[in-house]
Amino acid sequence: MKIKTISRSEEDYTRERKQDLTKVHRNLDPALHPLAGAHEYTRALNAVKLNKVFAKPFVGSLSGHSDGVTCVAKCPTRLNQIISGAADGEIRVWDLPSRQAIRNLSGHSGVVTGVAVSPHSDAVVSCGVDCTVRLFRLEAAGFGDAAAAKDGRAIQEADAVFERSTGFRAVDHHYQKDTFATAGSQVDVWDHSRSDPVQSFSWGTESVYTVRFNPAEPDVFATAGSDRSIALYDLRMGGIMRKLVLQNKTNAICWNPMEAFNFTVANEDTKLYSYDMRKLQNATCMHEDFVSAVMDVDYSPTGREFVAGSYDRTVRIFAYNGGHSKEVYHTKRMQRVFTTKYSGDAAYVLSGSDDMNIRIWKSNASAQAGTLLPREKRKHAYNEALIDRYRHLPEVKRIERHRHLPKAIQKATELRRVQSDKERRKKKQKIAHSAPGAVKEKTARKEKFVAELD
């Protein structure tokens, strides 16, 4: 007769130190654990509740500007430095770990409308309504710069000044060359070593509000104009590729860094629209939740989400293919948000507003700060997997989606919901009481499209 015995190595189940966890043998046969599903659901419910308990997204603020912050730029090769421009013409270089301004870039006599950094983080380009573009050489922050800044910041003058007869509205730097583009009465492409534009573009618009280079295809850039248009340019062609006209004005554009053809625009109609440059007649996704004009948008380095700021004094984070925001940030003192940026490591979000402050937020509101132990990392990953598995269930979905909003924004959201429902009913009644085919119904992603020009 054969007798089956359990044979285990004593070394595998003996602790080497008192701090080690005791290893417990578990039989994972599902037949022996009939309540495993119920236990998992309870853990998922507890995990999503704990996310709400530990959701403290606000990290700190960078204060010191004497007027509203109009633009912010991050350094591509340095995580600890950002550059901000204000409405009084002041440009500051910030050291993020110490939250101190270490340098002032002087020269502008009016509102600074745009700031951009070169791909190697060795130069800063700024533009303003004073009809000048200024080029500053940027040095890496030393160990003593933040401490020395408390006694007095260094003031740096521009190394080069480029002038035009009209003011500038935006600037962006090429991702590989010493070239940058400015937007104003026309689109100009400049070189660091030349005082006149290398190329100039204009196509039936009085002024251009924004310009953004494509990080995945550096010679391609997009602009938004006062005629409600979005134009795509290619430096290799020396001209405009396509032009898209929408119903409302576009305030900002940002390219997806991981998908060369896709970009998202912040619109005046409180929504954001994602487009594929190969098919501009139809938006790939419409992102909504704001109740006022969207002022700026910026993608995460991963390309999976983006942050947007609005005139309604909130900052929202969207999934790249999500119709509604996954996070909303606001404070009592924060005013109209003019600029938003993701940090280089995608862990933080920066917002500049009209109250003269730059605020730092966590991109994941409930993320644990500091260095995590391997056991903590595994626990967080397990909780996220549980939430993802049971996200479709009503109780988990309700807790995960709930956000506290200011009363004014809550009322405005309800009013917009009533208005959109009324428009939807009116459209259905119009179709029902018209001859078949007389009224063509458009999807929401096609409604804003007016024309496409080649």
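The values are calculated or read from the model by the stated rules, or taken from the named source; none is laboratory data. None of these values were measured; they are calculated from a predicted model. Backbone-built Cβ (ideal geometry, glycine too); neighbour counts: all protein chains shown. Calculation scope for accessible area: heavy atoms of the full protein, side chains included, ligands and nucleic acids excluded. Shrake-Rupley method; radii C 1.70, N 1.55, O 1.52, S 1.80 Å.
Residues checked against (1) at positive phi; (2) in a helix (DSSP H, G or I); (3) open to solvent by less than 60 Å² (accessible area, probe 1.4 Å):
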| site | (1), (2), (3) |
| --- | --- |
| Asp312 | no, no, yes |
| Met334 | no, no, yes |
| Lys341 | no, no, yes |
| Ala346 | yes, no, yes |
| Gly352 | no, no, yes |
| Asn383 | no, yes, yes |
| Leu386 | no, yes, yes |
| Arg391 | no, no, no |
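Within the option set Leu79, Leu45, being touching a residue at least 24 places away in the same chain (Cβ under 8 Å), surrounded by 14 or more Cβ atoms within 10 Å (Cβ to Cβ) and assigned to a loop (DSSP other than H, G, I, E, B) holds for one residue only, Leu79. For segment 214-266, a residue qualifies if it is basic (Lys, Arg) and touching a residue at least 60 places away in the same chain (Cβ under 8 Å), and the qualifying residues are Arg228, Arg242, Lys243.
Considering only residues in segment 241-271 that are buried (at least 19 other Cβ atoms within 10 Å of the Cβ) and among the basic types (Lys, Arg), the one that is modelled with the lowest pLDDT turns out to be Lys243. Under the condition of being of a type in the set (Gly, Ala, Ser) and open to solvent by 30 Å² or more (accessible area, probe 1.4 Å), the residues counted in segment 272-282 number 0. When every residue of segment 300-307 is checked against the conditions, none turns out to be of a type in the set (Ser, Thr, Tyr), more than 16 Å from Trp255 (Cβ to Cβ), touching a residue at least 24 places away in the same chain (Cβ under 8 Å) and open to solvent by 10 Å² or more (accessible area, probe 1.4 Å).
Determine whether segment 22-34 contains at least one residue that is open to solvent by less than 80 Å² (accessible area, probe 1.4 Å) and touching a Leu at 6+ places or on another chain (Cβ under 9 Å). No: zero hits.
Listed here are the residues, each with its yes/no results for (1) under 30 Å from Arg212 (Cα atoms); (2) not charged (D, E, K, R).
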{"site": "Met1", "(1), (2)": "no, yes"}
{"site": "Thr14", "(1), (2)": "no, yes"}
{"site": "Lys23", "(1), (2)": "no, no"}
{"site": "Asn27", "(1), (2)": "no, yes"}
{"site": "Gly60", "(1), (2)": "yes, yes"}
{"site": "Gly107", "(1), (2)": "yes, yes"}
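Listed conditions (1) farther than 30 Å from Cys71 by Cα; (2) at pLDDT 95 or above are all met by Asp421, apart from (2). Of the residues making up segment 151-181, those that are of a type in the set (A, V, I, L, M, F, W, C), open to solvent by less than 60 Å² (accessible area, probe 1.4 Å) and under 14 Å from Arg137 (Cβ atoms) number 3. Taking the criterion of being open to solvent by 10 Å² or more (accessible area, probe 1.4 Å) and among the β-branched types (Val, Ile, Thr), the residues of segment 314-332 that qualify are Val328, Thr331. Among the residues of segment 51-70, not a single one is buried (at least 20 other Cβ atoms within 10 Å of the Cβ) and in a helix (DSSP H, G or I). The residue that is nearest to Asp172 (Cα to Cα), among those in segment 82-125 that are among the basic types (Lys, Arg) and surrounded by 20 or more Cβ atoms within 10 Å (Cβ to Cβ), is Arg92.
Scanning segment 1-50 for residues that are polar (S, T, N, Q) and either at pLDDT 95 or above or touching a Pro at 6+ places or on another chain (Cβ under 9 Å) (or both) yields Thr42, Asn46. Of the residues in segment 192-207, not one is under 13 Å from Thr223 (Cα atoms), within 24 Å of the chain's Cα centre (by Cα) and in a strand (DSSP E or B). The condition of being surrounded by fewer than 12 Cβ atoms within 10 Å (Cβ to Cβ) and out of contact with any strand residue (DSSP E or B) (no Cβ under 7 Å at 6 or more places or on another chain) holds for only one of Ala412, Ala367, Ala408, that being Ala408. Close Cβ contacts (under 7 Å, 6 or more residues apart or on different chains) running from residues in segment 283-295 that are over 21 Å from Lys411 (Cα atoms) and open to solvent by less than 10 Å² (accessible area, probe 1.4 Å) to residues that are part of a strand (DSSP E or B) and of a type outside the set (S, T, N, Q) comprise Ala283/Tyr273; Ala283/Tyr275.
Please state which one of Gly128, Gly184 is crowded, with 16+ Cβ neighbours inside 10 Å and closer than 19 Å to Cys254 by Cα. Unique residue meeting the criteria: Gly184. Scanning segment 229-240 for residues that are surrounded by fewer than 20 Cβ atoms within 10 Å (Cβ to Cβ) and of a type outside the set (Val, Ile, Thr) returns Leu232, Asp234, Leu235, Arg236, Met237, Gly238, Gly239.
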